[in-house]
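Colleague: The structure follows.
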Amino acid sequence: QGQFVESGGGLVQPGTSLRLSCVAPKNIDNIAVMAWFRQAPGKQREVIASIIGTGDTNYADSVKGRFTISRDVAKKTAYLQMDNLKPEDTAVYYCNVLPLREDNWGQGTQVTVSA
């Protein structure tokens, strides 16, 4: 079983931007829906954005209007453009497909938003 590989996190100031990337493992093909999740300290992991093919997108209310999900189907890669970051966006960010592949969670990438 392979793992998703997330990258692009970091420590940034409020109001700035980051772009996350995620590559799906080799054992997962014909991906219909890719999604981004995050887990803040002391909280459960939550889905924040999803994309069907390269078209329809959905966002959690907490990130709507600030985050944009996209993907490169051929590269099995998803992206998350995060603008106007807020301290409450601090979390470990993960990606996966929907329905979830529970055995393939990656290590995630840490995003910390702090002045």
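Colleague: Go through segment 28-34 residue by residue and turn each phi into a ³J(HN,Hα) via Karplus (6.51, -1.76, 1.60, θ = phi - 60°); whole Hz please, and just put x for glycine and proline.
Modeller: Computed from phi, the couplings for segment 28-34 are 10, 10, 6, 7, 8, 10, 10 Hz.
Colleague: With every protein chain present, what accessible area does Leu100 have (1.4 Å probe, heavy atoms only), rounded to the nearest 10 Å²?
Modeller: So the heavy atoms of Leu100 present about 70 Å² to solvent.
Colleague: Put Asp83, Asp103 in order of accessible area, largest first, 1.4 Å probe: what do you get?
Modeller: Numbers: Asp83 60, Asp103 105 Å².
The most accessible residue leads, giving Asp103, Asp83.
Colleague: At 1.4 Å probe size, with no ligands or nucleic acids counted, give the accessible surface of Ser17 in Å², nearest ten.
Modeller: 60
Colleague: Let me ask something else. What FRET efficiency do you get for Ile31 and Ser114 if R0 is 41 Å and r is their Cβ-Cβ distance, rounded to the nearest 0.05? Walk me through the numbers on the way to the answer.
Modeller: Numbers: r = 34 Å, r/R0 = 0.82.
The formula returns an efficiency of 0.75 here.
Colleague: Residue by residue through segment 43-56, which ³J(HN,Hα) values in whole Hz follow from phi under the Karplus form 6.51 cos²θ - 1.76 cosθ + 1.60 (θ = phi - 60°), with glycine and proline marked x?
Modeller: Running phi through 6.51 cos²θ - 1.76 cosθ + 1.60 with θ = phi - 60° gives 10, 7, 5, 10, 7, 10, 7, 9, 9, 9, x, 10, x, 4 Hz.
Colleague: Let me ask something additional. Applying the Karplus parametrisation 6.51 cos²θ - 1.76 cosθ + 1.60 with θ = phi - 60° to the phi angles of segment 76-87, what ³J(HN,Hα) value in whole Hz is obtained for each residue in order, glycine and proline being reported as x?
Modeller: Working through the residues one at a time gives 6, 10, 10, 10, 9, 7, 10, 10, 6, 5, 10, x Hz.
Colleague: Give me the 1.4 Å probe accessible area per residue for the chain, excluding ligands and nucleic acids, in Å². Mind showing how you got there, number by number?
Modeller: On the way: 6100 Å² over 115 residues.
Normalised by residue count, the accessible surface of the chain is 53 Å².
Colleague: Another question, then. Any idea what the relative contact order of the chain is, in percent, if you count C-alpha pairs under 8 Å spaced at least 6 apart?
Modeller: Details: 275 pairs, mean separation 43.9, N = 115.
Worked out over the chain, it gives 38 percent.
Colleague: Over the Cα atoms of the chain, each weighted equally, I'd like the Debye log10 I(q)/I(0) at q = 0.09 Å⁻¹, rounded to two decimals.
Modeller: So the normalised log intensities are -0.21.
Colleague: Roughly how big is segment 1-113's charge dipole about its Cα centre, with Cβ charges of +1 (Lys, Arg) and -1 (Asp, Glu), in debye to the nearest 20? Display every interim value, and only then the final one.
Modeller: Details: 12 positive and 11 negative charges, 27 e Å.
The dipole of segment 1-113 has a size of about 120 debye.
Colleague: Something else now. Have a look at the DSSP beta bridges in the chain and tell me what percent are antiparallel, nearest 5. Don't jump to the answer; show the numbers that get you there.
Modeller: Values: 34 of 37 bridges.
For the chain, the DSSP antiparallel bridge percentage is about 90.
Colleague: Further question: Over the heavy atoms of Lys76, what accessible area does a 1.4 Å probe trace out, to the nearest 10 Å²?
Modeller: Counting only protein heavy atoms, Lys76 exposes about 40 Å² to solvent.
The values are calculated or read from the model by the stated rules, or taken from the named source; none is laboratory data. Computed from a predicted model, the values in this text were never measured in an experiment. Don't worry about glycine lacking a Cβ; one is built from the backbone with ideal geometry, like all the others, and counts go over all protein chains shown. Quick note on the areas: whole protein, heavy atoms, side chains included, nothing else; ligands and nucleic acids left out. Shrake-Rupley method; radii C 1.70, N 1.55, O 1.52, S 1.80 Å.
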